[in-house]
Amino acid sequence: MRVVVCIKQVPSSTKVKINPETNTLMRDQAGTIVNPFDEFAVEEAVRVVERHGGEAIALSMGPPQAEEALRAALEQGCDRAYLVSDRAFAGADTLATSHTLAAAIKKIEAELGKVDLIICGKQAIDGDTGQVGPSLAVRLGIPPLSYVSKIIGINLEAGKITAERSLEEGKEVVRSDLPAVLTVLKNINIPRYPSLLAKRKAKQKSVDKLGLKDLDLPEEKTGLKGSPTWVVRIFTPEARSSKAQIYTGEPSHTARLLADRIMEIKCKGKGEADG
Ligand SMILES: Cc1cc2nc3c(=O)[nH]c(=O)nc-3n(C[C@H](O)[C@H](O)[C@H](O)COP(=O)(O)OP(=O)(O)OC[C@H]3O[C@@H](n4cnc5c(N)ncnc54)[C@H](O)[C@@H]3O)c2cc1C
């Protein structure tokens, strides 16, 4: 079985610099981590391969430093890793990101053979759209299974996967053809902590690099050029000063005070709304 897991390197804090011209994050100047949701995606990919044999391949689109994130995935048990990196990919929105990742997966298939399953995290903690997984499925013309909380079974002969999805209304069991794209939730597993041996083994493995010239994809579909969505402005919202007020004393009296205060705030709010 060949499983590709998509991981994103994200800023490790909200203290990030914004490029004033393009309004995109200056990712090469921010402390970085592996997107937390993607650690669960990597763990699930490694477990699927442990159960069914084959290989787990980590894939990331990002600046050269995103190689660190891929090295973490190799330590967690992935067999191979691909970094899709090119100046042309900078500032990509989710559409351009999905086109680039889809082209990279086709390149991996051309080099290694058919990909049976693609696993993404539910969302990235910076862009937070949750759009890349389902978008990728559309680009590749395969089914998306989002919000997956459990892989119930994979039947390689029949080319089928059965999974449990966790939705607001409850759980749902779905069955789909393979290949498919999964987006997984944080409660699907407990990511392993790489052993010293695993870290040493990972050091032996190389991270293959793919640029625009290696992909069958027009530059117009990548980066800012390929992005119908432009982030108009990114800013840190002002912290609201919240003053706590503690009422003490006889319960009925404090209840009266509290009720008056709530009415006061409500009327003030209504007054402001009525202008
Ligand atoms: C504050 C902010 C707001 C943004 N708002 C938007 C927006 O509204 N619309 C928009 O189109 N773009 C937006 N972007 C750009 C967005 O970050 C990029 O498009 C990004 O590459 C993917 O979107 P996302 O971060 O929402 O990822 P999500 O769709 O939330 O990521 C879901 C999963 O897809 C995979 N994945 C995502 N990115 C990569 C990658 N580069 N390499 C490998 N796997 C990946 C991971 O498995 C991840 O868990 C925003 C960026 C920022 C910083």
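The values are calculated or read from the model by the stated rules, or taken from the named source; none is laboratory data. Everything numeric here is computed off the predicted structure, so don't read it as measured data. All Cβ positions, glycine included, derive from the backbone under ideal geometry; neighbour counts span all protein chains shown. SASA here: full protein model, heavy atoms, side chains in, ligands and nucleic acids out. Shrake-Rupley method; radii C 1.70, N 1.55, O 1.52, S 1.80 Å.
Within the same chain, aspartates and glutamates fewer than 8 places from Lys225 are excluded, and of the rest, those with a Cα less than 12 Å from its Cα are Asp93.
Pairs exceeding a 26 Å alpha-carbon distance, out of Lys114/Lys205; Lys106/Lys186; Lys199/Lys221: Lys106/Lys186; Lys199/Lys221. The dipole here belongs to the chain: it is taken about the Cα centre, uses +1 on the Cβ of Lys and Arg and -1 on the Cβ of Asp and Glu, and is about 460 debye. Looking at the chain alone, DSSP beta bridges between its own residues are antiparallel in about 40 percent of cases. Scanning the chain for GluC sites (Glu not before Pro) lying in DSSP loops with no more than 15 further Cβ atoms inside 10 Å, the longest uninterrupted stretch between such sites is 22-156.
The label point for Ala110 and the one for Arg175, both projected 7 Å from the Cα toward the Cβ, are 3.6 nm apart. Residues in the stretch 67-80 carry Karplus couplings, in order, of 4, 4, 5, 5, 5, 5, 5, 5, 5, 7, x, 5, 8, 9 Hz; the curve used is 6.51 cos²θ - 1.76 cosθ + 1.60 with θ = phi - 60°, and Gly or Pro positions show x.
For a quick check of your reading of the filter: which trypsin sites (Lys or Arg not before Pro) in the stretch 41-114 sit in a DSSP loop and have no more than 12 other Cβ atoms within 10 Å? Those that pass, being in a loop and sparsely packed, are Lys114. The chymotrypsin sites (Phe, Trp or Tyr not before Pro) found in the stretch 212-252 that occupy coil by DSSP, while having at most 10 further C-beta atoms within 10 Å, are Phe235.
Using the structure shown, list the pairs from Lys150/Lys171; Lys122/Lys171; Lys122/Lys201; Lys8/Lys122 with a Cα-Cα distance above 18 Å, or answer none. In this structure, Lys122/Lys201 lie more than 18 Å apart at Cα.
Amide H contacts for Arg2 (H built 1.01 Å from N in the peptide plane; partners 5 or more residues away or on another chain; cut-off under 5 Å): Glu55, Asp116, Leu117. Carbon and sulfur atoms: what percent of the 1.4 Å accessible area of the chain do they account for? Its accessible area is 54 percent carbon and sulfur atoms.
Averaged per residue, the chain has 57 square angstrom of accessible surface, using a 1.4 angstrom probe with ligands and nucleic acids left out. For Lys209, the amide hydrogen comes within under 5 Å of the amide hydrogens of Leu83, counting only partners 5 or more places away or on other chains and with H modelled in the peptide plane.
3J(HN,Hα) along the stretch 211-218, derived from phi through the Karplus expression 6.51 cos²θ - 1.76 cosθ + 1.60 where θ = phi - 60°, amounts to x, 4, 5, 8, 10, 8, 8, x Hz, with x in place of Gly and Pro.
Each residue of the stretch 100-113 is assigned a 3J(HN,Hα), and the resulting list reads 5, 5, 5, 5, 5, 5, 5, 5, 4, 5, 5, 7, 10, x Hz, derived from the Karplus form 6.51 cos²θ - 1.76 cosθ + 1.60 (θ = phi - 60°), x at Gly and Pro. With the simple model of a label 7 Å out from the Cα in the direction of the Cβ, Gln245 to Glu21 spans 5.2 nm.
Around Asp208, with a cut-off of 9 angstrom between Cβ atoms, what is the net charge of the other residues, counting Lys and Arg +1 and Asp and Glu -1? Result for the local shell: +1. In terms of overall dimensions, the C-alpha atoms belonging to the chain reach 74, 45, 40 Å along their principal axes, ordered largest to smallest.
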